[in-house]
Amino acid sequence: MNLSHFLSVIEGSQKALLSSSFSALAATEVLGITASTKEVSAGWVFIAVKGTKVDGHDYISDAIGKGAIAIIVENLDKVPADPVVPFIPVQNSRETLDLLAAEFFHNPSRDLFTFGVTGTNGKTSITYLLEWVLSSVSVPTGVLGTINHHLAEKIWPTSMTTPDPVALQGRLREMVNAGARAVAMEVSSHALDQHRADGVDFNTVIFTNLTRDHLDYHTNFESYFAAKQRLFTDLLWKTAKAPSAAVINIDDSWGKKMRVAADSEVLTYGKDAADFCYRVVSQSFSTTQFELIVAGTSYKCDLPMCGLHNVANAVAVIAAATTAGIEIEKAIHALETFPGVPGRMQRVKNDRALHVFVDYAHSPDALDNVLSSLHQIKQQLSEKSPGQIWVIFGCGGDRDSGKRPLMAEVTCRWADQIMVTSDNPRSEDPDKIIEEIVRGVPNEYRQKVSTQADRRQAFKQVFEMARANDVVLIAGKGHEDYQIIGTEKLHFSDFATAEELLR
């Protein structure tokens, strides 16, 4: 599209463009857009965004030198006295980047039934479960999230839960072109705070829970919640989709506070007094049977996953599926054959009769959910298969350090034996992180805590001590196949390492 048409989505841009000495550029083809001068090429539009560490306005001359045909600015003081390309002033560069990214890729989310999932825990599992349910009724569904972006067998790697607006809109367009009719995407609090998903038109948004995480960025729960809230108000208010819906976990105290755009349908889920109400009937290390009650009708589901949190995730998916016109019975039937999610309560098969799981749990609440479920299952099966619960975990460096002792406290509540090790220490000293974790161990539990900074050695030591029928939870990194030590990203997979050591 030409520059005039492209910029027409910005109020006042035509006046700024056509009244300037650059009106001849109006018919120039826009070849790309970016907020990074590293990506600028001839024919591109550069959006100067002020970030937390870098201000794009300081790199305007670089963008012009690389061939930018127009510059979007928030700070007029940075506009040169004698500009050689048109400068378009806006109130908020971040929001404008979202708007222009969607326009450049012809608003791909409008061609998809778009699900957005937010919350501290459960986002990845819910997107995979949604993909499975929709695919079972012949709706090709893309997934964008923490593990990767994928559509059927096509996989795109990603380094962020929710990518920047240009990458996000470009991926959505690729999915539409590849035949996707729906997409399930994780929407992180960082992305919502930074307006990365404002250019997406959502049909159904889902709130799972809000527990301690990312407080190094948000500083407090109120601002953390405010970021999540935007998905249910700001983004739903402006969506071009009708009707739209919100699915909310009202077992979570923050879910009860969630406000929703007035024209959107609200569906709640939880153990009591919810639109989609559920109760667990029985559970094992491989299957959980639950009853779902909707409008007085009871349904039974045998979910091939363990963990009460996974039941909640499954119920959220059933509710969300109904907003896409899928019958409850069909959603349940699909869930009963779900193959699982990489790094989410993923079982490591072995011939030692150990119940070994790899899980991404890296917050106090996530650990509490997983361990309490494993503890309940172990108690129910104790007569047939008595054993201990072992936990191997650490905490990431350069992240919220306040949760470290809390992780230890939660783990002591449920585990019989604990191995504190290194996660992704990044620039921090692994031994210092471990020391801060161990500070949270109550004195009466000190005897069941061991430490080993080398993650592989920690696995080895636990597997040497564990006995038949013991449960081993390897928490924190889940699907990740790397470990960040200093500035190096070294190959390390919890699942592959455990599988190798258990052969």
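The values are calculated or read from the model by the stated rules, or taken from the named source; none is laboratory data. No experiment lies behind these values; they were computed from the predicted model shown. Note that each Cβ is placed from the backbone with ideal geometry, even for glycine, and that neighbours are counted across all protein chains shown.
Say we look at region 364-400 and pick out the residues that are under 20 Å from residue 450 (Cα atoms), surrounded by fewer than 24 Cβ atoms within 10 Å (Cβ to Cβ) and of a type in the set (Gly, Ala, Ser); which of these is modelled with the lowest pLDDT?
Here the answer is 387.
Go through region 171-189 and give me each residue that's part of a loop (DSSP other than H, G, I, E, B) and in contact with a Leu (Cβ under 8 Å, 6 or more places away or on another chain).
178, 179, 180, 181, 187
Among the residues of region 388-401, is any in a helix (DSSP H, G or I) and either among the basic types (Lys, Arg) or in the same structural domain as residue 481 (by TED's automatic domain parsing) (or both)?
The answer is yes, given that some residue of region 388-401 is in a helix (DSSP H, G or I) and either among the basic types (Lys, Arg) or in the same structural domain as residue 481 (by TED's automatic domain parsing) (or both).
Just give me the residues in region 396-431 being charged (D, E, K, R) and out of contact with any Lys or Arg (no Cβ under 6 Å at 6 or more places or on another chain), in sequence order.
399, 400, 404, 409, 413, 416, 423, 426, 428, 429, 431 - these are the residues of region 396-431 that are charged (D, E, K, R) and out of contact with any Lys or Arg (no Cβ under 6 Å at 6 or more places or on another chain).
Being within 30 Å of residue 364 (Cα to Cα), among the polar types (S, T, N, Q) and in contact with a strand residue (DSSP E or B) (Cβ under 8 Å, 6 or more places away or on another chain) is the filter here; which residues of region 107-160 pass it?
Within region 107-160, 118, 124, 125, 127, 146, 148, 158 meet the criteria.
Which residues, taken from region 331-346, are crowded, with 16+ Cβ neighbours inside 10 Å and not in a loop (DSSP other than H, G, I, E, B)?
Within region 331-346, 331, 332, 334, 335, 341, 344, 346 qualify.
Take residue 325 and decide whether it is of a type outside the set (Ser, Thr, Tyr) and under 23 Å from residue 498 (Cβ atoms).
The answer is no for residue 325.
Looking at the structure I just gave you, is residue 272 in contact with a helix residue (DSSP H, G or I) (Cβ under 9 Å, 6 or more places away or on another chain) and assigned to a loop (DSSP other than H, G, I, E, B)?
Details: in contact with a helix residue (DSSP H, G or I) (Cβ under 9 Å, 6 or more places away or on another chain): no; assigned to a loop (DSSP other than H, G, I, E, B): yes.
No, not satisfied.
Among the strands (runs of 3 or more DSSP E) confined wholly to region 419-503, which include 1 or more residues that are over 17 Å from residue 354 (Cβ atoms) and touching a Ser or Thr at 6+ places or on another chain (Cβ under 8 Å)?
449-452, 482-485
Identify the residue in region 122-161 that is of a type in the set (Val, Ile, Thr) and either without any contact (Cβ under 8 Å) to a residue 12 or more places away in the chain or assigned to a loop (DSSP other than H, G, I, E, B) (or both) and, among all such residues, is farthest from residue 329 (Cα to Cα).
Quick first cut of region 122-161, residues of a type in the set (Val, Ile, Thr) only: 124, 126-127, 133, 137, 139, 141, 143, 146-147, 155, 158, 161.
From what is left, the residues that are either without any contact (Cβ under 8 Å) to a residue 12 or more places away in the chain or assigned to a loop (DSSP other than H, G, I, E, B) (or both) are 137, 139, 146-147, 155, 158, 161.
Details: 137: 12, 139: 17, 146: 29, 147: 29, 155: 30, 158: 34, 161: 31 Å.
Checking each candidate, the answer is 158.
List the pairs whose first member sits in region 335-364 and is assigned by TED's automatic domain parsing to the domain that holds residue 467, whose second member is among the polar types (S, T, N, Q) and in a strand (DSSP E or B), and whose Cβ atoms are under 8 Å apart, counting only residues at least 6 apart or on separate chains?
Between residues of region 335-364 that are assigned by TED's automatic domain parsing to the domain that holds residue 467 and residues that are among the polar types (S, T, N, Q) and in a strand (DSSP E or B), the close pairs are 357/346; 358/346; 359/346.
Collect the residues in region 315-324 that are in contact with a strand residue (DSSP E or B) (Cβ under 6 Å, 6 or more places away or on another chain) and either among the polar types (S, T, N, Q) or not in a helix (DSSP H, G or I) (or both), keeping them in residue-number order.
As a first pass, look at region 315-324 and keep what is in contact with a strand residue (DSSP E or B) (Cβ under 6 Å, 6 or more places away or on another chain): 315-316, 319-320, 323-324.
Residues satisfying the conditions are 323, 324.
Every residue, every condition in (1) at pLDDT below 90; (2) of a type outside the set (D, E, K, R); (3) not in a helix (DSSP H, G or I), yes or no:
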position	(1), (2), (3)
163	yes, yes, yes
197	no, yes, yes
212	yes, no, yes
223	yes, yes, no
226	no, yes, no
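Return only the number of the condition from (1) within 20 Å of residue 283 (Cα to Cα); (2) in contact with a His (Cβ under 7 Å, 6 or more places away or on another chain); (3) of a type outside the set (Val, Ile, Thr) that residue 359 does not satisfy.
The failed condition is (2).
Can you name the condition, by its number, that residue 302 falls short on among (1) over 20 Å from residue 208 (Cβ atoms); (2) outside the structural domain of residue 204 (by TED's automatic domain parsing); (3) outside any loop (DSSP other than H, G, I, E, B)?
So the condition that residue 302 fails would be (2).
Every residue, every condition in (1) over 27 Å from residue 190 (Cα atoms); (2) in contact (Cβ under 8 Å) with a residue 40 or more places away in the chain; (3) touching a strand residue (DSSP E or B) at 6+ places or on another chain (Cβ under 7 Å), yes or no:
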{"site": "233", "(1), (2), (3)": "no, no, no"}
{"site": "240", "(1), (2), (3)": "no, yes, no"}
{"site": "246", "(1), (2), (3)": "no, yes, yes"}
{"site": "258", "(1), (2), (3)": "no, yes, yes"}
{"site": "296", "(1), (2), (3)": "yes, no, no"}
{"site": "306", "(1), (2), (3)": "yes, yes, yes"}
{"site": "310", "(1), (2), (3)": "no, yes, yes"}
{"site": "313", "(1), (2), (3)": "no, yes, no"}
{"site": "326", "(1), (2), (3)": "yes, yes, no"}
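Quick check: is even one residue across region 117-131 surrounded by fewer than 21 Cβ atoms within 10 Å (Cβ to Cβ), touching a Ser or Thr at 6+ places or on another chain (Cβ under 9 Å), modelled with pLDDT of 95 or more and in the same structural domain as residue 234 (by TED's automatic domain parsing)?
No, the conditions are met nowhere in region 117-131.
Would you call residue 51 surrounded by fewer than 20 Cβ atoms within 10 Å (Cβ to Cβ), within 23 Å of residue 194 (Cβ to Cβ) and among the small types (Gly, Ala, Ser)?
Spelling it out, residue 51 is indeed surrounded by fewer than 20 Cβ atoms within 10 Å (Cβ to Cβ), within 23 Å of residue 194 (Cβ to Cβ) and among the small types (Gly, Ala, Ser).
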